[in-house]
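Have a look at the structure below before the remarks.
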Amino acid sequence: MMKVAVFSDTEKVEIREIEKPIPKKGEVLVKVKACALCTWEQRIFKGVSHVPFPFIGGHEVSGIIEELGEDVDENRWKKGQKVALRLLETCGECYYCRMGEQNLCEMIGKKRQNGLAIPGPGGLGEYLTVSSTRLFKIVDDLAFEVGALSEPLACVIHSIQRAHIEIGNDVVIIGAGVMGLFHVMMSKKQAARVIVSEVSEERRRLAKVLGADDTFNPLQEDPIEKIKKITEGRGADVVINTTAISKIAQQATQMVGKTGRVIFYSSQHPDSPISISPDWIHNSEITITGSVSPSISDFQKSTRLLSSRIITPEPLISEVIPFEKVQEAFQKATDPRNYRIIVKMNE
Ligand SMILES: [Zn+2]
Ligand SMILES: [Zn+2]
């Protein structure tokens, strides 16, 4: 038997005992070490997003290999290897998977692939079984809590690649939560000028520490005027909206200049339609696109950036909380003053 944390009701997470999974052919048993609490799980906790209870959350996971199933390559995967897990369930066979766009797989959420008796990605538990194709090595001296951030960084790598940032571009990032701040770090690695729009003074401060060239409060300055002013009237080359507010998505489309790229990074709650001028799109050649989840290659890049310490996301971790206090961890994760809260498993 083993322990898992399950959502059992709105704002209620409890620890239950379930059967410990056994790795099947091609699978590996992973002992979970750390699991970060993403906005998605926070929305489930708060009742904004709905899942059938009971449900095991946790998709930002690091751990170690505990046992190899039959036919797993023993030269590549060894007991004790530190790994990050890609828990998005993808089939490898649909049109999008075959095109390398596994983040858009037709089977996402449709079949359980972690060996657990309760639905959900399953990172908030002691063990998981996954196909070895979903393991990504992280180096020995990388802390598990940092390794658990492989998934959110991979999401941001996907977004940054869709933004096609060129050297010296003006990149506006709306919102400086965890995802906005990851975008700040990654945009700086592309040699962009990074401007952050954020209402919280503390978050603007951290954006600066992490490399933002300019920050402003959109409640004090008109965001569209502000961006026009600092780009000689052109508008930004790239605007990335990391907030869930549709009115801001509308503003994002008005902050971008000719040939610019607008990325709708965050899911929208509620999803209110926005209006847009087709003639402006015609005349400016702007691109409006989305970004959702990481593909396999994004995950590969993410674990390399973390392992090589090219990206050091420690400032985005507000607190590491032991598994027994998972209820408290969720309460803290949903407090807007906090960045990522990490649940750490016992030894
Ligand atoms: Zn996530
Ligand atoms: Zn697929």
When the stretch 275-291 is checked residue by residue, the ones that are surrounded by 15 or more Cβ atoms within 10 Å (Cβ to Cβ) and within 26 Å of the chain's Cα centre (by Cα) are ILE286, THR287, ILE288, SER291
Taking the stretch 1-57 and the residues there that are assigned to a strand (DSSP E or B), within 16 Å of ligand 1 (Cβ to nearest atom) and within 19 Å of the chain's Cα centre (by Cα), the one that is nearest to LYS79 (Cα to Cα) would be VAL32
Would you be able to say whether some residue in the stretch 64-74 is on the phi > 0 side of the Ramachandran plot, touching a residue at least 24 places away in the same chain (Cβ under 8 Å) and more than 16 Å from ligand 1 (Cβ to nearest atom)?
yes
Going by the structure shown, is VAL178 under 23 Å from SER62 (Cβ atoms), within 14 Å of ligand 1 (Cβ to nearest atom) and of a type in the set (Val, Ile, Thr)?
yes
Sole miss for LEU87 among (1) modelled with pLDDT of 95 or more; (2) more than 13 Å from ligand 2 (Cβ to nearest atom); (3) under 17 Å from the mean Cα position of the chain (by Cα) is condition (1)
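Take GLU74 and decide whether it is assigned by TED's automatic domain parsing to the domain that holds VAL30 and more than 21 Å from the chain's Cα centre (by Cα).
Details: assigned by TED's automatic domain parsing to the domain that holds VAL30: yes; more than 21 Å from the chain's Cα centre (by Cα): yes.
Answer is yes for this residue.
Just one of VAL239, VAL262 is part of a strand (DSSP E or B) and in contact with a Ser or Thr (Cβ under 6 Å, 6 or more places away or on another chain); which is it? Steps first, please.
Numbers: VAL239 fails: in contact with a Ser or Thr (Cβ under 6 Å, 6 or more places away or on another chain).
The conditions single out VAL262.
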With the structure loaded, tell me whether GLU27 is away from ligand 2 (no atom under 16 Å from the Cβ) and crowded, with 16+ Cβ neighbours inside 10 Å or whether it fails that test.
yes
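Checking the condition surrounded by fewer than 16 Cβ atoms within 10 Å (Cβ to Cβ), more than 16 Å from ligand 2 (Cβ to nearest atom) and modelled with pLDDT of 95 or more, which residue from GLY63, GLY125, GLY80, GLY69 passes?
Details: GLY63 fails: surrounded by fewer than 16 Cβ atoms within 10 Å (Cβ to Cβ); GLY125 fails: surrounded by fewer than 16 Cβ atoms within 10 Å (Cβ to Cβ); GLY69 fails: surrounded by fewer than 16 Cβ atoms within 10 Å (Cβ to Cβ).
Unique residue meeting the criteria: GLY80.
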VAL130, sole failed condition from (1) within 24 Å of ILE248 (Cα to Cα); (2) among the β-branched types (Val, Ile, Thr); (3) out of contact with any helix residue (DSSP H, G or I) (no Cβ under 8 Å at 6 or more places or on another chain)
(1)
Scanning the stretch 209-221 residue by residue, those surrounded by 13 or more Cβ atoms within 10 Å (Cβ to Cβ) and not hydrophobic (A, V, I, L, M, F, W, C) turn out to be GLY211, ASP213, ASP214, THR215, ASN217, PRO218, GLU221
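The values are calculated or read from the model by the stated rules, or taken from the named source; none is laboratory data. Just so it is clear, the model here is predicted, and its values are computed rather than measured. Because the Cβ atoms are built from the backbone with ideal geometry, glycine has one as well, and the counts that use them run over all protein chains shown.
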